[in-house]
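All remarks here apply to the structure that follows.
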Amino acid sequence: MKSFKILLSFSLLCMPFFSHAENKGKYENFKVSIYTRAYEVQSMTDPAWLDSTWNIISSQMKVDKIYLETHRDLNIVKADDMKRIIKFFKDRGVEVAGGITYTISEANNFQTFCYKNPEERAKAKEIIELTASLFDEIILDDFFFTDCKCDYCVEAKGNRTWTDYRLELMDDAALNVILGPAKKVNKNVKVVIKYPNWYDHFPALGFDLDFGPKHFDGIYTGTETRDAVRSNQHLQPYESYLIWRYFDNLNPGHNGGGWVDTGGMRYMERYAEQLWLTVFAKAPEMTFFDYRQMLGGLRSSYRGPWQDAGGTSFNYDDMMKPVNINGKEVTPTTMARAAGYTMEQVDRTIGLLGNPIGVKSYKPYQSTGEEFLQNYFGMIGIPMDIVPEFPTDANMVILTEQAAADADIIKKMDKHLRSGKDITITAGFLRAMKGKGIESIVDLEYTDRKALVSGFMTGGQIVNVSKPILMQQVMYKTNDSWEIVSGMDGGLGWPLLHRDAYSKGNVYLLVVPDNFADLYNLPVQVLNSIRQNLTQKAVPVRMQGPANVSLFIYDNNTFIVESFSDEDVDITVLCQSEGLKDLLSGDEVSGSRVMSWGRSTSNERSFRVHLKPHSYRVFKF
């Protein structure tokens with residue numbers, strides 16, 4: 001009996017804090033939550049304001065849970081006030097959790113706490129203790145990092161890099177300022193750390209993706225990507241999907257959900273895309289930041305010009321129709337309806353899908369280099385999956401410059417290739433590994449020279465481009481390895497996609513243009529070649545066609561194709577299937593054998609798929 005109790009205790013400890021089964025509420029496949037800043041929580045101390053604003057929100061969207069913030073910018077909500085607000089929501093059947101934003105002043109370049117300063121350290125501890133006395137679940141908003149370079153920090157850092165110093169400092173703060181004090185006040189409290197969307201820069205500010213997911217009770221993911229061109233981060237839309245998958249791979253089952261705000265929105269589709277991409281990744285909870293933004297008014301300018309033609313995944317006019325959620329018909333007036341409408345639409349889709357699969361890209365903990373590149377790959381139709389450990393079972397592994405942070409990467413490459421599996425390396429990885437053993441795998445030379453290419457040669461044909469593309473010149477030995485796609489500059493060609501054999505496997509070199517966004521300017525024939533060579537051994541479905549179309553594949557023979565284009569596009573899907581079924585419309589799509597030189601080349605069939613602007617389709621094969 002004693003051994004059984006020990007085993008049971010261990011099993012409970014190992015159970016994920018977040019469970020898909022636990023997270024079913026007003027929706028079939030996920031929970032919907034709203035985060036509330038301390039400023040709005042303080043406004044909720046006025047019962048009339050609280051009642052009226054909640055009626056506006058809850059009449060336009062279904063809400064399972066609300067996060068109530070105790071602190072932001074040194075504004076602290078009083079315990080007695082918070083208790084009354086908690087009761088208000090619980091009385092209405094809404095789950096309640098706490099929130100903390102550890103900022104001194106967001107207006108001052110997001111000034112964070114200094115966890116070396118004794119006074120600020122004590123204040124941070126006081127805030128978590130207050131919050132733990134009120135809630136059994138607490139989420140830390142984006143800012144549990146440090147950007148401080150005060151005299152305390154300069155002296156404590158010594159000769160170390162800021163990255164090394166801050167990682168050590170924040171690991172200590174997590175244990176001794178946050179987790180230890182919180183659990184001393186409330187032994188049942190679960191503390192969740194929410195990570196923002198700029199993951200490739202985390203180590204420099206003290207976010208430790210090795211330490212954090214193993215010590216906090218759960219993690220959460222900022223999946224907002226906003227406008228890729230006009231917002232200052234320039235994040236690609238695909239990141240709303242990929243970042244959630246990556247963070248879930250850090251500690252499977254402990255990633256509680258995704259988090260999106262209304263920032264950087266020109267058209268409503270850009271907002272909706274972030275939401276459905278988050279749940280395409282199978283996030284069990286979608287959090288809307290924030291209560292104030294859900295009260296923001298709907299504008300006619302949010303209606304995209306492509307809406308007139310109809311048939312898009314997000315139908316603005318349909319969203320604006322009167323809605324009945326709590327037994328009363330209401331005409332939509334605020335962003336709450338846009339949020340609710342989107343989640344209602346996508347809820348029909350998520351239950352049809354299995355677990356996501358994709359081409360593995362290895363990113364060691366604390367690694368940097370070719371930042372956010374995998375998201376650009378996702379935007380040209382390569383289904384991606386970032387993992388923190390080398391994926392020995394993957395038939396294809398993509399190694400960007402980040403993978404050079406692994407001191408044993410050459411040994412791992414050698415073993416992987418000897419087992420008959422393939423690897424794709426980028427030119428950034430080749431550069432980072434120069435003189436570090438890469439020469440034992442491939443005889444390629446990263447030079448200091450550039451080529452401004454005006455076209456590409458692939459399959460014996462030269463295809464011109466509308467604008468010159470700057471790329472690196474990589475040298476190789478004739479007949480030792482082979483160009484698949486060449487960038488042409490004044491009659492000379494330089495590898496864009498290259499193949500080298502090693503033992504039983506192949507090493508592909510992908511020379512990404514200096515401007516990653518030029519991947520979208522590559523000719524369709526070049527994109528098709530890249531997709532074929534990087535995906536054919538890794539996933540059961542691939543696509544052909546223009547860039548700005550993404551492919552999401554699941555392990556139950558389902559997939560999604562989504563267009564981020566402002567225009568209608570046609571693509572071709574290739575897979576080993578007699579036919580496809582559109583799971584949303586019920587339509588059957590027939591295909592044809594893939595032919596080369598008049599002969600069938602494989603068991604694959606090709607299927608023509610039409611996509612409306614900023615829309616997706618879901619298929620079974």
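Got a sec? Which of 477, 450 is in contact with a Leu (Cβ under 7 Å, 6 or more places away or on another chain) and assigned by TED's automatic domain parsing to the domain that holds residue 507?
On the way: 477 fails: in contact with a Leu (Cβ under 7 Å, 6 or more places away or on another chain).
Just a single option satisfies the conditions, and that option is 450.
So, in region 25-56, how many residues would count as being over 15 Å from residue 279 (Cα atoms), buried (at least 18 other Cβ atoms within 10 Å of the Cβ) and of a type in the set (A, V, I, L, M)?
The total comes to 5.
So which of 493, 586, 487 ends up being among the small types (Gly, Ala, Ser), assigned to a strand (DSSP E or B) and over 22 Å from residue 423 (Cα atoms)? Lay out the reasoning, then the answer.
Numbers: 586 fails: assigned to a strand (DSSP E or B); 487 fails: over 22 Å from residue 423 (Cα atoms).
Answer to the selection: 493.
Being β-branched (Val, Ile, Thr) and under 14 Å from the mean Cα position of the chain (by Cα) is the filter here, so list the residues in region 368-404 that pass it. So that I can check it myself, show each step before the final result.
Quick first cut of region 368-404, residues β-branched (Val, Ile, Thr) only: 368, 380, 382, 386-387, 392, 397-398, 400.
The answer is 386, 387.
Being in contact (Cβ under 8 Å) with a residue 60 or more places away in the chain and part of a loop (DSSP other than H, G, I, E, B) is the filter; apply it to region 431-449 and report the residue that is farthest from residue 473 (Cα to Cα). Outline the logic, then answer.
Taking region 431-449 and keeping what is in contact (Cβ under 8 Å) with a residue 60 or more places away in the chain, we get 432, 441-442, 444.
Applying the additional criterion that residues be part of a loop (DSSP other than H, G, I, E, B) yields 441-442.
Details: 441: 19, 442: 16 Å.
Step by step, filter region 431-449, then rank; the result is 441.
Let me confirm something: among 345, 366, which residue is modelled with pLDDT of 95 or more, in a loop (DSSP other than H, G, I, E, B), surrounded by fewer than 24 Cβ atoms within 10 Å (Cβ to Cβ) and among the polar types (S, T, N, Q)?
Values: 345 fails: in a loop (DSSP other than H, G, I, E, B).
After ruling out the rest, the residue left standing is 366.
In region 203-216, which residue that is among the hydrophobic types (A, V, I, L, M, F, W, C) and either free of Cβ contacts under 8 Å to residues at least 24 places away in the same chain or under 22 Å from residue 287 (Cα atoms) (or both) is surrounded by the fewest Cβ atoms within 10 Å (Cβ to Cβ)?
Only one residue tops the list, namely 209.
What are the residues in region 555-581 that are free of Cβ contacts under 8 Å to residues at least 60 places away in the same chain and farther than 29 Å from residue 227 by Cα, if any?
Matches in region 555-581: 574, 575, 576, 577, 578, 579, 580, 581.
Please return the ranges of helices (runs of 4 or more DSSP H) entirely within region 256-324 where 3 or more residues are on the phi < 0 side of the Ramachandran plot and among the hydrophobic types (A, V, I, L, M, F, W, C). Working first, answer last.
Working: elements: 268-280, 291-294, 316-319.
Per the criteria, 268-280.
Taking region 548-583 as the region of interest, how many residues are surrounded by fewer than 19 Cβ atoms within 10 Å (Cβ to Cβ), among the polar types (S, T, N, Q) and part of a loop (DSSP other than H, G, I, E, B)?
Residues that pass the stated criteria total 4.
What are the residues in region 119-140 that are farther than 12 Å from residue 183 by Cα and exposed (fewer than 15 other Cβ atoms within 10 Å of the Cβ), if any? Working first, answer last.
Taking region 119-140 and keeping what is farther than 12 Å from residue 183 by Cα, we get 119-124, 126-127, 134, 139-140.
The answer is 119, 122, 126.
Check whether at least one residue in region 461-469 is over 22 Å from residue 528 (Cα atoms) and not hydroxyl-bearing (Ser, Thr, Tyr), and report yes or no.
First, the residues of region 461-469 that are over 22 Å from residue 528 (Cα atoms): none.
Within region 461-469, not a single residue is over 22 Å from residue 528 (Cα atoms) and not hydroxyl-bearing (Ser, Thr, Tyr).
Scan (1) under 23 Å from residue 527 (Cα atoms); (2) without any contact (Cβ under 8 Å) to a residue 24 or more places away in the chain; (3) within 27 Å of the chain's Cα centre (by Cα) for the single condition residue 407 breaks and write down its number.
Here residue 407 meets the rest and fails (1).
Looking at region 283-298, which of its residues are hydrophobic (A, V, I, L, M, F, W, C) and either more than 24 Å from residue 358 (Cβ to Cβ) or at pLDDT below 95 (or both)? Quick ask: steps written out before the conclusion?
We begin by selecting, within region 283-298, every residue hydrophobic (A, V, I, L, M, F, W, C); these are 283, 286, 288-289, 294-295, 298.
288, 289, 294, 295, 298 - these are the residues of region 283-298 that are hydrophobic (A, V, I, L, M, F, W, C) and either more than 24 Å from residue 358 (Cβ to Cβ) or at pLDDT below 95 (or both).
Hey, among 188, 176, 197, which residue is among the polar types (S, T, N, Q) and in contact with a strand residue (DSSP E or B) (Cβ under 9 Å, 6 or more places away or on another chain)?
Numbers: 188 fails: in contact with a strand residue (DSSP E or B) (Cβ under 9 Å, 6 or more places away or on another chain); 176 fails: in contact with a strand residue (DSSP E or B) (Cβ under 9 Å, 6 or more places away or on another chain).
Exactly one of 188, 176, 197 is among the polar types (S, T, N, Q) and in contact with a strand residue (DSSP E or B) (Cβ under 9 Å, 6 or more places away or on another chain), namely 197.
Going through region 388-400 one residue at a time, which ones are surrounded by fewer than 23 Cβ atoms within 10 Å (Cβ to Cβ) and in contact with a Phe, Trp or Tyr (Cβ under 8 Å, 6 or more places away or on another chain)?
Once the filter is applied, which keeps residues that are surrounded by fewer than 23 Cβ atoms within 10 Å (Cβ to Cβ) and in contact with a Phe, Trp or Tyr (Cβ under 8 Å, 6 or more places away or on another chain), region 388-400 yields 388, 389, 390, 391.
Which of the residues belonging to region 388-430 are of a type in the set (Lys, Arg) and in a helix (DSSP H, G or I)? Outline the logic, then answer.
Kept after step one, since they are of a type in the set (Lys, Arg), are these residues of region 388-430: 411-412, 415, 418, 421.
Those that are of a type in the set (Lys, Arg) and in a helix (DSSP H, G or I): 411, 412, 415, 418.
If I ask for residues that are in contact with a Phe, Trp or Tyr (Cβ under 8 Å, 6 or more places away or on another chain) and surrounded by fewer than 19 Cβ atoms within 10 Å (Cβ to Cβ), which ones from region 370-387 would you list?
387
Go through region 287-341 and give me each residue that's surrounded by 13 or more Cβ atoms within 10 Å (Cβ to Cβ), β-branched (Val, Ile, Thr) and in contact with a strand residue (DSSP E or B) (Cβ under 9 Å, 6 or more places away or on another chain).
Those that are surrounded by 13 or more Cβ atoms within 10 Å (Cβ to Cβ), β-branched (Val, Ile, Thr) and in contact with a strand residue (DSSP E or B) (Cβ under 9 Å, 6 or more places away or on another chain): 287, 323, 330, 333, 334.
If you scan region 113-160, which residues turn out to be within 28 Å of residue 254 (Cβ to Cβ), assigned to a loop (DSSP other than H, G, I, E, B) and modelled with pLDDT of 95 or more?
Correct list: 113, 115, 135, 136, 141, 143, 144, 145, 146.
Tally time: how many residues in region 227-252 are more than 10 Å from the chain's Cα centre (by Cα) and either of a type in the set (Val, Ile, Thr) or at pLDDT below 95 (or both)?
Number satisfying all stated conditions: 8.
In region 468-488, how many residues are farther than 10 Å from residue 452 by Cβ and either out of contact with any Asp or Glu (no Cβ under 8 Å at 6 or more places or on another chain) or not charged (D, E, K, R) (or both)? Reasoning before the result, please.
Taking region 468-488 as the starting set, the residues that turn out to be farther than 10 Å from residue 452 by Cβ are 472-486, 488.
Cutting the leftovers down to either out of contact with any Asp or Glu (no Cβ under 8 Å at 6 or more places or on another chain) or not charged (D, E, K, R) (or both) gives us 472-476, 478-479, 481-486, 488.
Selection size over region 468-488: 14.
Could you look through region 471-507, keep only residues that are out of contact with any helix residue (DSSP H, G or I) (no Cβ under 6 Å at 6 or more places or on another chain) and among the aromatic types (Phe, Trp, Tyr), and pick out the one that is surrounded by the most Cβ atoms within 10 Å (Cβ to Cβ)?
Result: 494.
Against the condition surrounded by 24 or more Cβ atoms within 10 Å (Cβ to Cβ), farther than 20 Å from residue 33 by Cβ, aromatic (Phe, Trp, Tyr) and modelled with pLDDT of 95 or more, how does residue 280 come out, does it pass?
no
If only one of 381, 358 is within 17 Å of residue 537 (Cβ to Cβ), in contact with a Pro (Cβ under 6 Å, 6 or more places away or on another chain) and either outside the structural domain of residue 527 (by TED's automatic domain parsing) or not polar (S, T, N, Q) (or both), which one is it? If you could, list the steps in order and put the result at the bottom.
Values: 381 fails: in contact with a Pro (Cβ under 6 Å, 6 or more places away or on another chain).
Result: 358 is the single residue among 381, 358 that is within 17 Å of residue 537 (Cβ to Cβ), in contact with a Pro (Cβ under 6 Å, 6 or more places away or on another chain) and either outside the structural domain of residue 527 (by TED's automatic domain parsing) or not polar (S, T, N, Q) (or both).
Across region 182-196, what is the total count of residues that are surrounded by 22 or more Cβ atoms within 10 Å (Cβ to Cβ) and among the β-branched types (Val, Ile, Thr)?
Going through region 182-196 one residue at a time, the tally reaches 3.
Give me a count of the residues in region 354-407 that are among the aromatic types (Phe, Trp, Tyr) and out of contact with any helix residue (DSSP H, G or I) (no Cβ under 7 Å at 6 or more places or on another chain). Steps first, answer last, please.
As a first pass, look at region 354-407 and keep what is among the aromatic types (Phe, Trp, Tyr): 362, 365, 372, 376-377, 390.
Now narrow it down to the ones that are out of contact with any helix residue (DSSP H, G or I) (no Cβ under 7 Å at 6 or more places or on another chain): 365, 377.
The total comes to 2.
Let's see how each residue does on (1) touching a residue at least 40 places away in the same chain (Cβ under 8 Å); (2) surrounded by 20 or more Cβ atoms within 10 Å (Cβ to Cβ):
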residue: 142; (1), (2): yes, yes
residue: 145; (1), (2): yes, yes
residue: 150; (1), (2): no, no
residue: 153; (1), (2): no, no
residue: 164; (1), (2): no, no
residue: 179; (1), (2): no, no
residue: 218; (1), (2): yes, yes
residue: 227; (1), (2): yes, no
residue: 232; (1), (2): no, no
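The values are calculated or read from the model by the stated rules, or taken from the named source; none is laboratory data. Predicted, not measured: the structure shown is a model, and the values here were computed from it. All Cβ positions, glycine included, derive from the backbone under ideal geometry; neighbour counts span all protein chains shown.
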